[in-house]
Amino acid sequence: RGWDDCRMPTISGMRRRGYTAHIINTFCQDVGATRSANLVEMKKLEQLVRAMLVDESRRVMAALDPIEVVITNFAEATAGHSLDFEVANSPTKEALGMHTVTLTSTIYLDSSDFRLVNDETYFGLAPNKAVGLKYHGGNLVCDKVIQSKDGSKIEKLECHIDHSESRPKPQSHLSWVPSNGLKCEVRVINPLFLVPAPSDDWKNELNPESEIVYPNAIIDPSGALLIDGTAVSKWKSNPSFQFERMGYFAVDHETTFHKDSNPTGKIVLNRTVSLKEESAKQKLTQAELNKLDDRRNETKVAMAAKERRMQIAPVDFFKEWDDFKGKYSAFDDKGIPTHDASGAALAKSAMKKLAKEQQKH
């Protein structure tokens, strides 16, 4: 996508990802300026972003990889119960107001919230297990799982709502999206590299999951109030959301949707940052982790050497730097070697080459 790819450490790439000018300026003020070589890890910036967006971003429920859930006893379970729920746009900032979500006979859950096999450490939905639905008083119980013919994908769940007084207390309450949710493409942006400071072997340090695209994601309809394809621009920061339990996402300039003029237009959202710190290396083998540790250590050694080299005055460079120490016996007034260690005079071409090396220093 060019220099404004969300994974690129460029101003245009960061802006597209959802980093506002205020965020970037605040970060620069926090880390300060130094003449010494310094490495600031991305997680420090990400922590700042979370702190600055938490009170400013509207919450919406979302399913990145949605599973269709049919509520088989919908009419019976909802009789006498309101289907509309007033939800705060932000639990920490009342001024952002409220929006309404409506329970429908078909809803969508994110695939990460369902497993075929339950265990004690898992709090999501599983066959014959009850979980709570966020903002709704009843339990959702999975009765039937419909899979693709090859068994590789879960296509649909048939569930019922339990309002009985004897229903078990759920271990968790899941986010859900009603059937009239907005379809969108969501790009989950992860670190471009697997190490904090890439080395000369940077190609092997690239993160193969630096961008994960969910082309069939869905968010609750209240998102339409902030998504306006006629107003988005690549030259300014666009609106951002917090997907409940997932992270912060910004509207991409490829978006064409408008709730009135273009309700079938495309919606593209980029993840700015996750809700909490993640690590791409969690999925790596121990051997790969050891290799990354070795590269990290090598990078630290190289940076320390660079720092030490910067402390040497140019006139003393060929006398004191490890790569040249002891190789020359005489120098001109600028510190350029004129004779090698044995006392033999250097050729003019060799001296010119050394002068260029000094200029790089």
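The values are calculated or read from the model by the stated rules, or taken from the named source; none is laboratory data. All of these numbers come straight from a predicted model, not from anything done at the bench. With ideal geometry, Cβ positions are generated from the backbone for all residues, glycine too; neighbour counts draw on all protein chains shown. Just so you know, the surface numbers come from the protein's heavy atoms only, side chains and all, with ligands and any DNA or RNA stripped out. Shrake-Rupley method; radii C 1.70, N 1.55, O 1.52, S 1.80 Å.
Considering only residues that are surrounded by 10 or more Cβ atoms within 10 Å (Cβ to Cβ), among the small types (Gly, Ala, Ser) and within 52 Å of the chain's Cα centre (by Cα), which ones fall in region 325-361? Scanning region 325-361 gives GLY335, ALA350, ALA355.
Select, from GLY97, GLY124, GLY151, the only residue that is loosely packed, with under 14 Cβ neighbours inside 10 Å, of a type outside the set (Phe, Trp, Tyr) and at pLDDT 90 or above. Quick ask: steps written out before the conclusion?
Working: GLY124 fails: loosely packed, with under 14 Cβ neighbours inside 10 Å; GLY151 fails: at pLDDT 90 or above.
After applying the criteria, what remains is GLY97.
Among the residues making up region 8-26, those that are surrounded by fewer than 19 Cβ atoms within 10 Å (Cβ to Cβ) and not aliphatic (A, V, I, L, M) are PRO9, THR10, SER12, HIS22, ASN25, THR26. Restrict the check to region 209-218 and report whether at least one residue is polar (S, T, N, Q) and over 13 Å from ARG187 (Cα atoms). Among the residues of region 209-218, not one is polar (S, T, N, Q) and over 13 Å from ARG187 (Cα atoms), which makes the answer no.
Whenever a residue of region 222-235 is free of Cβ contacts under 8 Å to residues at least 40 places away in the same chain, its partners that are small (Gly, Ala, Ser) and open to solvent by 30 Å² or more (accessible area, probe 1.4 Å), lying with C-beta atoms within less than 8 angstrom and at least six residues away or across chains, give the pairs THR230/SER261. Looking at region 172-248, the strands (runs of 3 or more DSSP E) lying wholly inside it that each contain 1 or more residues that are open to solvent by 20 Å² or more (accessible area, probe 1.4 Å) and charged (D, E, K, R) sit at 182-189, 211-219.
Starting from residues that are assigned to a loop (DSSP other than H, G, I, E, B) and charged (D, E, K, R), keep the ones in region 54-75 and report whichever is most open to solvent (accessible area, probe 1.4 Å).
Within region 54-75, the match that is most open to solvent (accessible area, probe 1.4 Å) is GLU56.
Collect the residues in region 284-317 that are touching a helix residue (DSSP H, G or I) at 6+ places or on another chain (Cβ under 7 Å) and modelled with pLDDT of 80 or more, keeping them in residue-number order. Correct list: ILE312, PRO314, PHE317.
Checked against the criterion of being β-branched (Val, Ile, Thr) and either open to solvent by 60 Å² or more (accessible area, probe 1.4 Å) or in a helix (DSSP H, G or I) (or both), the candidates THR264, THR272 yield just one match: THR264.
Within region 76-94, the set of residues being in contact with a Leu (Cβ under 6 Å, 6 or more places away or on another chain) and open to solvent by 40 Å² or more (accessible area, probe 1.4 Å) comprises just one member, LEU83.
Taken over region 137-148, the criterion of being in contact (Cβ under 8 Å) with a residue 40 or more places away in the chain, in contact with a strand residue (DSSP E or B) (Cβ under 8 Å, 6 or more places away or on another chain) and open to solvent by 20 Å² or more (accessible area, probe 1.4 Å) is satisfied by ASP143 alone.
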